[in-house]
Amino acid sequence: MKIYRSLLSIVLFFVIIYFFRGYLNGSQINFWGAKNSTSTTLGTSSGSYPIGTTTPNLSFPENIISSISNEIKVSDSRAGYTPNRDQLPPIVGENNLESKDGRLTDDGVFFDTNIERGMQSLPPLKRNSLLDKTAEIKLNDMFSNQYFEHVSPSGSSVSDVVNGVGYKFLVIGENLALGNFAGDAKVVAAWMASPGHRENILDKRYTEMGVAVGYGMYKGRMQWLAVQHFARPMSSCPSPNSSMKDKIARDKEDLVLRESGITATKKTVDNADPLDPNLSSIVSNYNVLVNEYNDKLKSLKAEITNYNSQVTNFNSCLDAVTTPVK
């Protein structure tokens, strides 16, 4: 019996020791003495991703958004050229009176003017109805206001009158004559005898002309007045495409708006949480906006280059046309 008691005491001792160690370790012991498994939560450090989450592919574009203000360089073509009033030729006065019985015609003056040009191997001038109208306006104004000058009492010059009827010109000139000349050839001869008027008649730059003649009361005497308007139309030089210039302006405004949208989207990307599942979509949208912007910018640059080339060609033509003939 003593032996069995001793063995039982030893077994009870080890059982007590076993339970006591389990209590110290915090493990739960089931009835059968097996240790329950303890669930452990893995700590997530800053910047790491939970299991099953992949890092978004941030494919930012390599191209840089260009500054619009430095890209738009649109030239402006020059307006119609008008000679200075003090450079207009002197008028033909009453000292050129030939006969009181002469009669002038606008067709005859036009014809004899081209005869003089032909004698100098110059191409004939074309008759223009708008210039005929401006010549008549000038003629009637001189009779109505009793003056004989290139500039009216109201300050109107030949360029003002021509612009008033919508004739677009590169160069413009005017010859006036007052008196009773013995026919069309005589008044043209009087102009040819005056250096300034001769230069107008023989000027290579002019391609069109209008004529008006009239007989009426001037300073208490019945006299003839004759007016010649010389011009080269604006259409002689290839004008820049105005609609293209307007489109460039609209495209510039469009790029400004696109740049604002890109800047706002870029800010959203920069401030986004790396764990945001929508980040990839935001980045993709940003790249689409940038690519569209740069395509538009490339197209705009081509338009500007084309337009500026047109302006350069027009201004070169204008320089050649408006340079006074020596």
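Any read-out appearing in this document is the output of simple, stated calculations on the displayed coordinates, not a laboratory observation. These numbers were taken from a predicted model, which means no experiment stands behind them. Cβ: placed from backbone, ideal geometry, glycine included. Neighbour counts: every protein chain shown.
The separation of the stretch 231-294 from the stretch 209-227, counted between C-alpha centres, amounts to 62 Å.
Among the listed pairs K126/K245; K267/K296; K138/K168; K245/K267; K168/K296, those with a Cα-Cα distance over 26 Å are K126/K245; K245/K267; K168/K296. Under the shape rule built on the C-alpha gyration tensor, where the axes satisfy a ≥ b ≥ c, the stretch 104-232 is oblate, since a/c reaches at least 1.5 while a/b does not exceed b/c. Taking Cβ atoms as reference points and 12 Å as the exclusive limit, the residues near N285 contribute a net charge of 0, counting Lys and Arg as +1 and Asp and Glu as -1. Quick check on the stretch 124-189: take the gyration tensor over C-alpha atoms, sort the square-rooted eigenvalues as a ≥ b ≥ c, and tell me if it's rounded (a/c under 1.5), prolate or oblate. Cα axes put the stretch 124-189 in the oblate bin. Multiplying the residue separation of R127 and V269 by 0.36 nm and subtracting their alpha-carbon distance yields 44.2 nm.
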